[in-house]
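The values are calculated or read from the model by the stated rules, or taken from the named source; none is laboratory data. In this text, all values refer to a predicted model and were calculated from it rather than measured experimentally. Glycine gets a Cβ as well: all are built from the backbone with ideal geometry, and neighbour counts include every protein chain shown.
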Amino acid sequence: MTLTADGEEALQWSRQNPYDCVVLDIMLPSRDGWSVLQQMRRNGSAIPVLLLTARDAVEDRVKGLNLGADDYLVKPFAWDELVARVRALVRRGHGQKSTLVQIADLEIDTASKVVRRQGKSISLSAREYALLEYPRAPRGPRRHPRRNLGPPLRPGR
């Protein structure tokens, strides 16, 4: 994950990194989100983009979608809704339509984070679930700071 509050920098990052999804604010300094999105699409970028903005007029939403945004969310927003929308965009970007993943007799519901083996529910901590889901993450350059997975598995490491 990369965070920037500058439109030029956002465009540069999008050119250099194969992100799974971009959450883009329209009101950015140096280059607004409309322009960043437009240039990304001109450059041939197919990265899913969710526009996140306080601009709630229908004309703004239509403009964003017509410029190539995949989704549009108005501030203020519910955090859970943002996370769900980003997950949906990432799933679509990887050709995954269902939130259900099945590997032999293991079933993982990525939306509800429920895991079953042979139909029986398996109780996992958040960290265990993150480790289970990690190999399914898209390939390519990964940046997973240690804090994403929690403290070390063994003290002192």
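Just a few scattered comments:
- Of the listed requirements (1) surrounded by fewer than 19 Cβ atoms within 10 Å (Cβ to Cβ); (2) farther than 29 Å from LEU132 by Cα; (3) touching a Phe, Trp or Tyr at 6+ places or on another chain (Cβ under 7 Å), ILE26 misses just one: (1).
- Any hit, segment 100-113, residues being outside the structural domain of THR4 (by TED's automatic domain parsing), within 20 Å of MET1 (Cβ to Cβ) and not in a helix (DSSP H, G or I): yes
- All positions within segment 62-74 that are surrounded by 11 or more Cβ atoms within 10 Å (Cβ to Cβ) and not aliphatic (A, V, I, L, M): LYS63, GLY64, GLY68, ASP70, ASP71, TYR72
- In segment 102-123, the qualifying residues are those that are under 23 Å from the mean Cα position of the chain (by Cα) and surrounded by fewer than 15 Cβ atoms within 10 Å (Cβ to Cβ), and the one that is modelled with the lowest pLDDT is ALA111.
- The selection criterion, being in contact (Cβ under 8 Å) with a residue 24 or more places away in the chain, out of contact with any Leu (no Cβ under 9 Å at 6 or more places or on another chain) and farther than 19 Å from GLU133 by Cβ, holds for ASN17.
- Scanning segment 40-61 for residues that are surrounded by fewer than 16 Cβ atoms within 10 Å (Cβ to Cβ) and farther than 22 Å from ARG92 by Cβ returns ALA54, ASP56, ALA57, VAL58, GLU59.
- A single member of LEU24, LEU65, LEU100 is hydrophobic (A, V, I, L, M, F, W, C), in contact with a strand residue (DSSP E or B) (Cβ under 8 Å, 6 or more places away or on another chain) and touching a residue at least 24 places away in the same chain (Cβ under 8 Å), and it is LEU24.
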